[in-house]
Amino acid sequence: MSDFFKGLSKVQYEGPGSDNPLAFHHYNPDEIVLGKRMEEHLRFAIAYWHSFAWEGGDPFGGRTFERPWFDGGMDAAKLKADVAFELFSLLGAPYFCFHDADVRPEGESFAESRKRLEALADIFEKKIAETGVKLLWGTANLFSNRRFMAGAATNPDPEIFAYAAATIKANMDVTHRLGGENYVLWGGREGYETLLNTNLDQEMDQMARMLSMVIDYKHKIGFSGAILIEPKPQEPTKHQYDYDVSTVYGFLKKYELETEVKVNIEVGHAILAGHTFEHEVAMAAAHGIFGSIDMNRNDMQSGWDTDQFPNNVPEVALAYYHILKAGGFATGGTNFDAKLRRQSIDPEDLLHGHIGGMDICARGLKAAAAIIEDGTYDAFLAERYAGWGGAEAQAMLKGERTLEDIAGRVEAEGINPQPKSGRQEYLENLINRFV
């Protein structure tokens, strides 16, 4: 054990009446919601990168956090692992997530970087056995190093494509070895800054080829988890190929990969794409590619991805409503892709951020379950589309009527339909009863 969290105890559920800031007020892992334990519904994971690798910098200033593992080699990486699993245990989080660059220092060569990753995997393996904390997903950082400034899978240099492929393989091997339940591909620089130096067709084909190799390798090694793509519209590149859920689905359909890949949806990325979070979740469910979520929030007065801890119960509740209606998480979960503010420099702040986020998600989950159990909202939706259950409507929908058939019936029967209220204000008030 390190002394980083010295004097801090495991966070316990004390209920909404407690005034203890280091206790859960709404997240009770054993509470039964729709027949299942809350912990099993939410499947919380802690992100290694924001909690332990991020230094608190911004575009106008550097490091504000002083962590004892920041300026060292493998010894510092081992200390970081100790502290990470202490935080996971203090929070009672069942899962964690990481990039390779989060957990090990970069080596002088690919081989050295791979060996360092495997050495950290040895440590993780022991800590997983000791604590019971599991790996929700692993991924490769293919965006920070300058070699990836023009992309990884989409890079115009085939040797960088090869380096990226080798890096993904190394991370898939470690994820598989540690019992990871998913493997995530986030194309941080899979896009372009300007079309003046970009061949779109070439780059899209390269990205599809990389993804196909990942799928093939998944089956070869017997990895039973899901392969997930995380959509993002912009930042760091001006335009990214995985703009949103629908864009990803179109890409998967084009290359006939839609049955092999799902999506990991982040709140902040949905906002940057001009959508709501629940829209992206609902769209993924409609396409049959919903996998997992990164939970956070954006500052609505800023035009970039601020990765703050969630505090908007209605937003979270509507997302969990669609998750529950889609059957809940299978291999996915709720990963806190959220970081402290650069002025929140104390170890205790890491607990406060996650406690608040876990409580908000618990409130959102319970509100979503209450909406479903009440049934009024679902009944409204069923009634609004009830006309499509009729014989003639079904015939039109199934392609049993031509355009001429339909036009003829409209004239013959004197059809002159009038619009009906969408009742948005009523529905907003209805939802607010539960949140």
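If only one of T198, T175 is surrounded by fewer than 22 Cβ atoms within 10 Å (Cβ to Cβ) and either out of contact with any Cys (no Cβ under 8 Å at 6 or more places or on another chain) or farther than 22 Å from S144 by Cβ (or both), which one is it? Write out each step before concluding.
Numbers: T175 fails: surrounded by fewer than 22 Cβ atoms within 10 Å (Cβ to Cβ).
Exactly one of T198, T175 is surrounded by fewer than 22 Cβ atoms within 10 Å (Cβ to Cβ) and either out of contact with any Cys (no Cβ under 8 Å at 6 or more places or on another chain) or farther than 22 Å from S144 by Cβ (or both), namely T198.
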(message) Residue pairs, Cβ under 8 Å, 6 or more apart or interchain, first in region 17-38 and in contact (Cβ under 8 Å) with a residue 24 or more places away in the chain and open to solvent by less than 30 Å² (accessible area, probe 1.4 Å), second part of a loop (DSSP other than H, G, I, E, B) and among the hydroxyl-bearing types (S, T, Y). List them.
(response) M38/Y27
(message) Looking only at residues that are touching a residue at least 60 places away in the same chain (Cβ under 8 Å), assigned to a helix (DSSP H, G or I) and open to solvent by 10 Å² or more (accessible area, probe 1.4 Å) in region 78-104, which one is farthest from I355 (Cα to Cα)?
(response) L79
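Within region 23-37, which residues are hydrophobic (A, V, I, L, M, F, W, C) and more than 28 Å from D102 (Cβ to Cβ)? Explain how you work it out, then say what you get.
Let us first name the residues in region 23-37 that are hydrophobic (A, V, I, L, M, F, W, C), namely 23-24, 32-34.
A23, I32, V33, L34, listed by residue number.
Can you confirm whether region 368-383 contains a residue that is at pLDDT 95 or above and touching a strand residue (DSSP E or B) at 6+ places or on another chain (Cβ under 7 Å)? Lay out the reasoning, then the answer.
Pass one, region 368-383, residues at pLDDT 95 or above: 368-383.
Next, only the ones that are touching a strand residue (DSSP E or B) at 6+ places or on another chain (Cβ under 7 Å) stay: 369.
Scanning region 368-383, I find at least one residue that is at pLDDT 95 or above and touching a strand residue (DSSP E or B) at 6+ places or on another chain (Cβ under 7 Å), so the answer is yes.
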(request) Hey, can you tell me all the residues within region 201-210 that are open to solvent by less than 50 Å² (accessible area, probe 1.4 Å) and of a type outside the set (D, E)? (result) M204, Q206, M207, A208, M210
(request) Please work out which one of (1) crowded, with 17+ Cβ neighbours inside 10 Å; (2) touching a residue at least 60 places away in the same chain (Cβ under 8 Å); (3) charged (D, E, K, R) is the condition E235 fails and give its number. (result) (1)
(request) Specify the residue that is nearest to the chain's Cα centre (by Cα); the eligible residues are those in region 371-398 that are open to solvent by 30 Å² or more (accessible area, probe 1.4 Å) and aliphatic (A, V, I, L, M). (result) I372
(message) Please determine whether any residue of region 150-171 is small (G, A, S), over 22 Å from I265 (Cβ atoms), without any contact (Cβ under 8 Å) to a residue 12 or more places away in the chain and open to solvent by 20 Å² or more (accessible area, probe 1.4 Å).
(response) yes
(request) Starting from region 110-122, take each residue that is of a type outside the set (A, V, I, L, M) and list its partners that are open to solvent by 60 Å² or more (accessible area, probe 1.4 Å) and not in a helix (DSSP H, G or I), counting only C-beta distances under 7 angstrom and pairs at least six apart or across chains. (result) S113/E106
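For Q308, state whether it is surrounded by fewer than 23 Cβ atoms within 10 Å (Cβ to Cβ), of a type outside the set (D, E), closer than 21 Å to F65 by Cα and touching a Lys or Arg at 6+ places or on another chain (Cβ under 6 Å). Give the derivation first.
Numbers: surrounded by fewer than 23 Cβ atoms within 10 Å (Cβ to Cβ): yes; of a type outside the set (D, E): yes; closer than 21 Å to F65 by Cα: yes; touching a Lys or Arg at 6+ places or on another chain (Cβ under 6 Å): yes.
When the stated conditions are applied, Q308 passes them.
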(message) What are the pairs with Cβ atoms under 9 angstrom where one residue, in region 41-62, is under 13 Å from I345 (Cβ atoms) and the other, located anywhere, is open to solvent by 10 Å² or more (accessible area, probe 1.4 Å) and of a type in the set (G, A, S)? Sequence gap at least six, or different chains.
(response) E55/G62; G56/G62; G56/S344
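Can you give me the number of residues within region 44-61 that are within 27 Å of the chain's Cα centre (by Cα) and either on the phi > 0 side of the Ramachandran plot or not aliphatic (A, V, I, L, M) (or both)? Show your work before the answer.
Residues of region 44-61 within 27 Å of the chain's Cα centre (by Cα): 44-59.
Next, only the ones that are either on the phi > 0 side of the Ramachandran plot or not aliphatic (A, V, I, L, M) (or both) stay: 44, 48-52, 54-59.
Qualifying residue count, region 44-61: 12.
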(message) Regarding region 418-434, can at least one residue be identified that is free of Cβ contacts under 8 Å to residues at least 40 places away in the same chain, open to solvent by 60 Å² or more (accessible area, probe 1.4 Å), in contact with a Phe, Trp or Tyr (Cβ under 9 Å, 6 or more places away or on another chain) and among the hydroxyl-bearing types (S, T, Y)?
(response) yes
(request) All but one of (1) of a type outside the set (D, E, K, R); (2) open to solvent by 10 Å² or more (accessible area, probe 1.4 Å); (3) over 18 Å from G191 (Cα atoms); (4) modelled with pLDDT of 95 or more hold for G72, so report the exception by its number. (result) (4)
(request) Kindly indicate the residue of region 105-134 that is touching an Asp or Glu at 6+ places or on another chain (Cβ under 9 Å) and outside any helix (DSSP H, G or I) and also surrounded by the most Cβ atoms within 10 Å (Cβ to Cβ) among those meeting that condition. (result) K134
(message) Any residue at all in region 137-148 that's touching a residue at least 24 places away in the same chain (Cβ under 8 Å) and more than 23 Å from the chain's Cα centre (by Cα)?
(response) no
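The values are calculated or read from the model by the stated rules, or taken from the named source; none is laboratory data. All of these numbers come straight from a predicted model, not from anything done at the bench. Here the Cβ is made from the backbone with ideal geometry for all residues, glycine too, and neighbour counts use every protein chain on show. Note: areas computed on protein heavy atoms with side chains; ligands, DNA, RNA excluded. Shrake-Rupley method; radii C 1.70, N 1.55, O 1.52, S 1.80 Å.
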